[in-house]
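**Student:** One structure follows; several queries about it will come next.
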Amino acid sequence: TEQTRDYVDAIITSTTRLARLIDNVLDLTQGAAGGLPIERKPLDIEPLLRDVAGQFETLASDRAVTIALSLRPNIGEIIGDQRRIRQAIEHVIDNGVRFGKEGGRVLVHGEGSHRTIRIIISDDGPGIDSRTQARIFGAFARFDRKAEGETVGLGLPLVRQLIEAHGGTVALVSEPGEGTIITIDLPRGD
């Protein structure tokens with residue numbers, strides 16, 4: 001019946017969310033203990049960014065959010081773990097789409113130099129105050145920014161761990177009412 005289908009959909013959605021949360025906690029724990037396994041293979045960043053942005057089309061459409069890509073031809077490759085880099089970028093884009101303003105925009109910009117790749121993901125959402133910014137990368141920190149009954153907690157600390165495990169850095173710039181910019185710098189590798 002229709003009601004049964006709704007129940008099953010709700011169960012599947014909750015199970016998927018719980019599985020993702022458990023994976024994130026395990027990754028954070030492994031990273032904190034210095035045991036986060038990182039694969040080292042050539043990874044072309046442009047198709048990865050296009051694919052990750054594409055997977056958020058439905059959520060973005062539901063919130064009337066535009067995801068815009070600005071990818072320079074010099075992005076190129078890094079030596080890294082595709083699953084881990086993808087996971088980090090997914091978290092940042094997901095935050096931009098979920099917590100940005102309805103009808104807003106998320107910009108994914110990528111460029112490269114001979115030594116590094118820079119990925120900048122910005123949104124025009126409500127922004128983050130300086131007090132919250134000081135704690136936002138702390139593991140298991142909880143904040144009041146809510147969308148669809150969820151609170152921000154594990155995503156950005158995990159992003160930092162995943163990027164730092166690749167020898168990279170993550171920076172956040174935000175002002176209340178002005179949106180948020182996350183900059184990820186990754187070395188090209190060996």
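**Student:** Given (1) modelled with pLDDT of 75 or more; (2) assigned to a helix (DSSP H, G or I); (3) within 30 Å of I78 (Cβ to Cβ), where does A10 come up short, assuming only one miss?
**Tutor:** Against the list (1) modelled with pLDDT of 75 or more; (2) assigned to a helix (DSSP H, G or I); (3) within 30 Å of I78 (Cβ to Cβ), A10 comes up short only on (3).
**Student:** Turning to a different aspect of this structure: Restricting the range 105-135 to residues that are hydrophobic (A, V, I, L, M, F, W, C) and surrounded by fewer than 19 Cβ atoms within 10 Å (Cβ to Cβ), which is nearest to V65 (Cα to Cα)?
**Tutor:** Of everything passing the filter in the range 105-135, L107 is nearest to V65 (Cα to Cα).
**Student:** Also, I was wondering about something else. Using beta carbons and a limit of 7 Å, which pairs, at least six apart or on different chains, have the first residue in the range 111-140 and over 28 Å from L43 (Cα atoms) and at pLDDT below 85 and the second one among the hydroxyl-bearing types (S, T, Y) and buried (at least 16 other Cβ atoms within 10 Å of the Cβ)?
**Tutor:** Once the first residue is over 28 Å from L43 (Cα atoms) and at pLDDT below 85 and sits in the range 111-140, its partners that are among the hydroxyl-bearing types (S, T, Y) and buried (at least 16 other Cβ atoms within 10 Å of the Cβ) give Q133/S174.
**Student:** Something else now. Kindly provide the set of residues from the range 60-75 that are open to solvent by 30 Å² or more (accessible area, probe 1.4 Å) and of a type outside the set (G, A, S), ordered by number.
**Tutor:** Of everything in the range 60-75, those that are open to solvent by 30 Å² or more (accessible area, probe 1.4 Å) and of a type outside the set (G, A, S) turn out to be D62, R63, T66, I67, L69, L71, R72, P73, N74.
**Student:** Against the condition buried (at least 19 other Cβ atoms within 10 Å of the Cβ) and under 17 Å from A53 (Cβ atoms), how does I78 come out, does it pass?
**Tutor:** no
**Student:** Determine which single condition R84 fails, assuming it passes every other condition in (1) touching a strand residue (DSSP E or B) at 6+ places or on another chain (Cβ under 7 Å); (2) within 17 Å of L158 (Cβ to Cβ); (3) not small (G, A, S).
**Tutor:** Among (1) touching a strand residue (DSSP E or B) at 6+ places or on another chain (Cβ under 7 Å); (2) within 17 Å of L158 (Cβ to Cβ); (3) not small (G, A, S), R84 violates only (1).
**Student:** Determine whether I67 is among the hydrophobic types (A, V, I, L, M, F, W, C), within 13 Å of D124 (Cα to Cα) and part of a strand (DSSP E or B).
**Tutor:** yes
**Student:** Keeping to the range 92-106, report how many residues are under 24 Å from I117 (Cα atoms) and either β-branched (V, I, T) or part of a helix (DSSP H, G or I) (or both).
**Tutor:** Residues flagged as under 24 Å from I117 (Cα atoms) and either β-branched (V, I, T) or part of a helix (DSSP H, G or I) (or both) within the range 92-106 amount to 7.
**Student:** Right, something else. Return a yes/no flag: does the range 80-91 have any residue that is at pLDDT below 95 and assigned to a strand (DSSP E or B).
**Tutor:** Yes, because at least one residue in the range 80-91 is at pLDDT below 95 and assigned to a strand (DSSP E or B).
**Student:** Are any residues in the range 81-104 open to solvent by less than 50 Å² (accessible area, probe 1.4 Å), within 25 Å of E39 (Cα to Cα) and among the polar types (S, T, N, Q), and if so, which ones?
**Tutor:** Matches in the range 81-104: Q87 only.
**Student:** Considering every residue within the range 50-61, establish whether at least one is assigned to a loop (DSSP other than H, G, I, E, B), modelled with pLDDT of 70 or more and closer than 22 Å to R160 by Cα.
**Tutor:** Yes, the range 50-61 contains a residue that is assigned to a loop (DSSP other than H, G, I, E, B), modelled with pLDDT of 70 or more and closer than 22 Å to R160 by Cα.
**Student:** Within the range 59-86, track down each residue that is within 19 Å of A171 (Cβ to Cβ) and touching a Leu at 6+ places or on another chain (Cβ under 6 Å).
**Tutor:** Passing the criteria: I78, G80, R84.
The values are calculated or read from the model by the stated rules, or taken from the named source; none is laboratory data. Since the model is a prediction, treat every value here as computed from it, not as a measurement. Cβ atoms come from the backbone with ideal geometry, glycine included; neighbour counts cover every protein chain shown. SASA here: full protein model, heavy atoms, side chains in, ligands and nucleic acids out. Shrake-Rupley method; radii C 1.70, N 1.55, O 1.52, S 1.80 Å.
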